[in-house]
Amino acid sequence: MNRRQSLGQHFLLSDSIAKSIVDFAKITKNDTVLEIGTGKGILIPFLCHTAKNVISIERDQKLYLLARQKYSSFSNLSLKHGDAFKMNLDFTVLVSNLPYSKSREAIEWLIQKKFRAAIIMVQKEFAQKLLSKPGSKNHRAISVLANYSARIEPLMEVSKSNFFPAPKVDSIVLRLTKKHNMSKKTIDTLNKLFSYRRKTIRNIAKQFRVSIDSNKRLEDLTDGEIIKLAKEINRN
């Protein structure tokens with residue numbers, strides 16, 4: 001169990017919350033739904049009831065094998081063992097209770113994909129970063145990337161008492177609706193930009209051997225302006 005906690009694996013116990021999460025996705029009979037982190041499979045019956053196809057991926061072999069035994073009767077379900085972030089998968093909707101330790105990696109992976117909507121449950125502190133505004137203390141590279149790429153809406157707060165083992169913090173369910181595509185190169189450059197966030201834009205640009213005449217700092221720019229800066233650096 002300690003290993004599960006170190007990986008950020010906390011299993012949702014409430015069927016009613018699981019149903020609400022799936023309902024938020026507004027899944028149709030035409031949708032292919034991806035779930036990252038099968039866990040104990042609490043979302044699977046609700047997902048399979050509506051979707052055309054459901055792909056559920058689990059890294060933990062024991063959990064994967066248990067899910068294969070328990071949910072073999074669902075003809076529209078494809079269970080996979082492995083790392084979802086290394087798989088080339090097509091889907092229209094993502095519905096996932098993300099492992100806390102993988103939340104940032106999941107967002108960076110997701111914004112490179114084509115999707116209609118994503119319903120994700122993340123740690124409250126991480127959700128606050130995603131929802132933060134330019135200039136605020138919580139605004140980070142992941143905030144810019146997520147907000148430029150998708151419209152983000154908080155849907156429901158979930159108490160830590162609804163999980164086993166219970167995490168130290170509450171969670172929040174978010175809806176992401178795709179706005180813009182994002183390349184891996186832009187993501188990498190923007191992360192590097194934020195490693196110099198205390199410097200002026202002029203001095204940040206020098207780190208990339210680019211000349212930009214501006215005394216502003218990243219906190220003075222909108223998300224769109226920061227993305228534009230990253231793309232300008234990439235062109236040089």
What is the residue count in the stretch 152-177 for residues that are basic (Lys, Arg) and at pLDDT below 95? 1
Would a scan of the stretch 177-192 turn up a residue that is in contact with a Leu (Cβ under 8 Å, 6 or more places away or on another chain) and either farther than 27 Å from residue 95 by Cα or not aliphatic (A, V, I, L, M) (or both)? no
In the stretch 19-40, is there at least one residue being farther than 22 Å from residue 157 by Cβ, surrounded by fewer than 17 Cβ atoms within 10 Å (Cβ to Cβ), more than 15 Å from the chain's Cα centre (by Cα) and in contact (Cβ under 8 Å) with a residue 40 or more places away in the chain? yes
Yes or no: the stretch 103-125 includes at least one residue that is crowded, with 21+ Cβ neighbours inside 10 Å and in a loop (DSSP other than H, G, I, E, B). yes
For the stretch 207-217, does any single residue satisfy the condition of being surrounded by fewer than 17 Cβ atoms within 10 Å (Cβ to Cβ) and touching a residue at least 40 places away in the same chain (Cβ under 8 Å)? no
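Conditions (1) closer than 26 Å to residue 112 by Cα; (2) outside any loop (DSSP other than H, G, I, E, B), marked per residue:
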{"site": "189", "(1), (2)": "yes, yes"}
{"site": "196", "(1), (2)": "yes, no"}
{"site": "199", "(1), (2)": "no, no"}
{"site": "205", "(1), (2)": "yes, yes"}
{"site": "212", "(1), (2)": "no, no"}
{"site": "226", "(1), (2)": "yes, yes"}
{"site": "234", "(1), (2)": "yes, yes"}
Condition first: in contact (Cβ under 8 Å) with a residue 40 or more places away in the chain and either within 8 Å of the chain's Cα centre (by Cα) or over 22 Å from residue 52 (Cβ atoms) (or both). Now tell me which residues in the stretch 104-117 satisfy that. 106, 108, 110, 111, 112
Of the conditions (1) surrounded by 13 or more Cβ atoms within 10 Å (Cβ to Cβ); (2) farther than 19 Å from residue 147 by Cβ; (3) polar (S, T, N, Q), residue 191 satisfies every one except a single condition; which number is it? (2)
Checked the stretch 159-203 for anything farther than 24 Å from residue 103 by Cβ and in contact (Cβ under 8 Å) with a residue 24 or more places away in the chain; matches are 201
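Out of all the residues in the stretch 126-142, is one or more of a type in the set (Phe, Trp, Tyr), closer than 29 Å to residue 19 by Cβ, touching a Phe, Trp or Tyr at 6+ places or on another chain (Cβ under 7 Å) and crowded, with 17+ Cβ neighbours inside 10 Å?
No, that holds for no residue.
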Looking at residue 59, is it touching a strand residue (DSSP E or B) at 6+ places or on another chain (Cβ under 9 Å), free of Cβ contacts under 8 Å to residues at least 12 places away in the same chain and not hydroxyl-bearing (Ser, Thr, Tyr)? no
Could you tell me whether the stretch 161-170 includes any residue that is closer than 18 Å to residue 143 by Cβ, in contact with a strand residue (DSSP E or B) (Cβ under 6 Å, 6 or more places away or on another chain) and in a strand (DSSP E or B)? no
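Could we say that residue 204 is within 20 Å of residue 25 (Cα to Cα), surrounded by 17 or more Cβ atoms within 10 Å (Cβ to Cβ) and at pLDDT 95 or above here? First the steps, then the outcome.
Numbers: within 20 Å of residue 25 (Cα to Cα): no; surrounded by 17 or more Cβ atoms within 10 Å (Cβ to Cβ): yes; at pLDDT 95 or above: yes.
Spelling it out, it is not the case that residue 204 is within 20 Å of residue 25 (Cα to Cα), surrounded by 17 or more Cβ atoms within 10 Å (Cβ to Cβ) and at pLDDT 95 or above.
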Count of residues meeting criterion [more than 13 Å from residue 187 (Cα to Cα), in contact (Cβ under 8 Å) with a residue 24 or more places away in the chain and assigned to a loop (DSSP other than H, G, I, E, B)] in the stretch 138-156: 1
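The values are calculated or read from the model by the stated rules, or taken from the named source; none is laboratory data. Remember, predicted model here, so these are calculated numbers, not experimental data. Counting neighbours? That spans all protein chains shown, and the Cβs are built from the backbone with ideal geometry, glycine included.
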